[in-house]
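Undergrad: My questions all concern the structure below.
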Amino acid sequence: MSWNTLRGGLAAVIALAAGGASADVTARQVWDDMRGYLEGMGYSVTASDSAAGDTLTVRDISLARTLPDDEGSVDVTVPEIRFTENGDGTVSIRYPETLPVAISARPEDEPPADFRLDLTQSGLEIVVSGDPEDSLRYDYGAAQLGIALADLVVDGQPVPPGDARAALTVAGLDGTATVGSGPLRAIEQSASMERLDYDVDFVDPEGDDGRVTLKGSMNAVESRTSARIPERAGLDDMAAALDEGYALESSLSYSGGQADFSAEEDGQTLTGSTRATQGGVALAIDAERLSYELTGEGTDVTLEGDELPFPVSFQMARTVMSFVVPLTPSDEPRAFSLGLTLGDFTMSDNLWNIFDPGAMLPRDPATLSLDVDGLARVLVSVFDPDVMESADEPAQLEALTLNSLELRAAGAELTGEGAFTFDNSDTATFNGMPHPTGSIDLRLAGANALLDTLVSMGLLPEEQAMGARMMMSMFAVPAGDDVLRSNIAINGEGQILANGQRIQ
């Protein structure tokens, strides 16, 4: 199923559950604005309504939309929504306990699929206040919210409920959202959840005896969202939306999470579990860049399977994966970055004993850390896949900086930093690569001791260890007891120098 298909279905659910992207302090204007917002998203909306006293009741609401690239359609039906004026300038919105969402997916290279999602709620309350000419505030809460797969038909064949299950449940929801008016709607939202649970179980629809299950939860979830949404451009055309000012910053964090999973294929089974003391994810996108960061602390992973000789476990004190990339073409170079940290990695002794039964190698926690940034000039839009595939050069690298490198394992440690600039007008000096100019400094400690140990263990032949030592002597100079330093530089003439000595 494509991202467009899923996004199209969930967009209507989110819009209805949040009460629309804007509202006023009268019941009629709340509904009219919600309807206008949905129609602006590309949905055709039909409904009937009636007013009695301070309540406007909207019945038989039907939303229909064709997905981009003829990938299918989305239909949402809502039996009834009630908008009640509270007499103090606020409006309360009441939804039914279940909202069905029907999605018909027709992807080009996959079998057609029709499925229904049920959005359920218990104790959901939304109260709207504020100045409709400026901004409105939504205060909302729910004892429980959920979304679950109700029915699935693949290639005309109904999938038994026991072969396809997917559910997400939120308990103890409490939040606020402030929504501005105007052609570029400003939305600020924060929410907390006592617990978030997910449960997925799918059997391979092609009948190859495959099955995947995933069940887990996160506690004390906090989310933040800041968005700018233009009225004139739908999110199906992201390039146009970014040109109109679309921007999003969103983050989610949790304290305590766990998951259990299993995978079956060809009679083989793999099961495992993960635990983390805390973690989070952050995403930002605007016309300048896309950024993403995933973090975790206190991660513990266990694996067990038919193809594993024994249970496997490993731990990670800290995990960080992040990147920032420019998105749209520009005459000026734009910043990018990449970060990776696998901090204090440890593994069980039965894993160590496979290759080090005598415990000759230090089993101290290992760390890999990399921090890189630079400048690049994007030449074509990443949102046009046809152009991206046909472009000989989608981007040009202008500068690259290694802010830090750390690799620490088995008693040895490698660190480094450096920076290079690139001349894209000269691709002859380095055989098609832009001419780099700059240098990098490296420090290697404990390498000789590690080589000696590997030779003693029989994992490394003596002649290969000798070759490695000769290579290190060519590119590095002694800087202490089993410590080597190296400066590798490339100058404007295309010469490569190691510690001041030309090697090319």
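Undergrad: Tell me, what % of the accessible area of the chain is carbon and sulfur with a 1.4 angstrom probe?
TA: Reported share for carbon and sulfur atoms: 54 percent.
Undergrad: Moving on to the next point. For region 39-133, what does the relative contact order come out to in percent, with C-alpha contacts under 8 Å and a separation of six or more?
TA: Working: 189 pairs, mean separation 19.6, N = 95.
Once divided by the residue count of region 39-133, the mean separation gives 21 percent.
Undergrad: Let me ask you something else. Kindly express, to the nearest 10 degrees and within the range 0 to 90, the angle between helix 3-17's C-alpha long axis and the longest C-alpha principal axis of the chain.
TA: Once rounded, the angle reads 50 degrees.
Undergrad: May I pose another question? Could you please report the charge total around ALA177, scoring K, R as +1 and D, E as -1 over all other residues with beta-carbon less than 10 angstrom from its beta-carbon?
TA: With Lys, Arg at +1 and Asp, Glu at -1, the neighbours total -1.
Undergrad: Where the only charges are on Cβ atoms (+1 Lys, Arg; -1 Asp, Glu), what is the dipole of the chain about its Cα centre, to the nearest 20 debye? Provide the component values of the computation, followed by the final result.
TA: Values: 29 positive and 83 negative charges, 238 e Å.
So the dipole magnitude of the chain works out to roughly 1140 debye.
Undergrad: What accessible area, in Å² to the nearest ten, does a 1.4 Å probe give for ILE354?
TA: 110
Undergrad: Would you work out if region 329-404 is rounded, prolate or oblate? Take a ≥ b ≥ c from the square roots of the eigenvalues of the alpha-carbon gyration tensor; rounded if a/c is under 1.5, else prolate when a/b is larger than b/c, oblate otherwise.
TA: Taking the square roots of the gyration eigenvalues as a ≥ b ≥ c, region 329-404 is prolate.
Undergrad: Can you give the net charge of the other residues whose Cβ lies under 15 Å from the Cβ of LEU368, counting K and R as +1 and D and E as -1?
TA: Here the count lands on -3.
Undergrad: Still on this structure, I have one more. Give the distance, in whole Å, between the Cα centre of region 106-126 and the Cα centre of region 140-196.
TA: Taking the Cα centre of region 140-196 as reference, the centre of region 106-126 is 10 Å away.
Undergrad: Given the DSSP H assignment, sum -39500 (n - 2.57) over each helix run of at least 4 residues in the chain and divide by its residue total; what's the result at 222 nm in deg cm²/dmol, nearest 500?
TA: The helix-only estimate for the chain comes to -4500 deg cm²/dmol at 222 nm.
Undergrad: For GLU288, what charge total do you get from the other residues with a beta carbon under 15 Å from its beta carbon, if Lys and Arg give +1 and Asp and Glu give -1? Numbers along the way, then the final one.
TA: On the way: positive: ARG228, ARG289, ARG334, ARG377; negative: ASP243, GLU244, GLU249, ASP286, ASP331, GLU332, ASP373.
Taking every Cβ under 15 Å from that of GLU288, the sum is -3.
Undergrad: Further question on the same structure: I'd like the distance between the alpha-carbon centres of region 482-504 and region 340-411, rounded to an integer number of Å.
TA: Centre-to-centre distance over Cα atoms comes out at 24 Å.
Undergrad: Roughly how big is region 141-234's charge dipole about its Cα centre, with Cβ charges of +1 (Lys, Arg) and -1 (Asp, Glu), in debye to the nearest 20? All intermediate terms of the calculation are to be shown ahead of the outcome.
TA: Working: 8 positive and 15 negative charges, 140 e Å.
It comes to approximately 680 debye.
Undergrad: Take every Cα-Cα pair in region 287-372 and report what % of them are more than 21 Å apart.
TA: For region 287-372, the share of Cα pairs beyond 21 Å comes to 51 percent.
Undergrad: Can you list, largest first and rounded to whole Å, the semi-axes you get for region 387-456 by taking the square root of 5 times each eigenvalue of its Cα gyration tensor?
TA: The three semi-axes for region 387-456 are 36, 15, 12 Å.
Undergrad: Using the alpha-carbon atoms, what tilt in degrees (0 to 90, nearest 10) does helix 27-40 show relative to the longest principal axis of the chain?
TA: 50
Undergrad: Does region 78-187 come out rounded, prolate or oblate by the C-alpha gyration tensor, with a ≥ b ≥ c the root eigenvalues, rounded set by a/c under 1.5 and, if not, prolate when a/b is larger than b/c and oblate if not?
TA: Working: a/c = 2.88, a/b = 1.96, b/c = 1.46.
In terms of gyration-tensor shape, prolate.
Undergrad: If you wrap a convex hull around the alpha carbons of region 219-285, what volume per residue comes out, as a whole number of Å³?
TA: Convex hull volume per residue, Cα atoms: 123 Å³.
Undergrad: Can you give the angle from 0 to 90° between the axis of helix 447-457 and the longest principal axis of the chain, with both taken from C-alpha atoms, to the nearest 10?
TA: For 447-457 against the chain, the angle is about 80 degrees.
Undergrad: Next up: Quote the relative contact order of the chain in percent (integer), defining contacts as alpha-carbon pairs under 8 Å separated by 6+ residues.
TA: 6
Undergrad: Provide the three semi-axes, in whole Å and in decreasing order, of the ellipsoid equivalent to region 391-504 as defined by the square roots of 5 times the Cα gyration tensor eigenvalues.
TA: Here the semi-axes work out to 32, 15, 15 Å.
Undergrad: Report the accessible area of SER92, computed with a 1.4 Å probe over the heavy atoms of all protein chains in place, in Å² rounded to the nearest 10.
TA: 10
The values are calculated or read from the model by the stated rules, or taken from the named source; none is laboratory data. All of these numbers come straight from a predicted model, not from anything done at the bench. Neighbour counts run over all protein chains shown; Cβ positions are idealised from the backbone, glycine included. The area values use the complete protein model at the heavy-atom level, side chains included, leaving out ligands, DNA and RNA. Shrake-Rupley method; radii C 1.70, N 1.55, O 1.52, S 1.80 Å.
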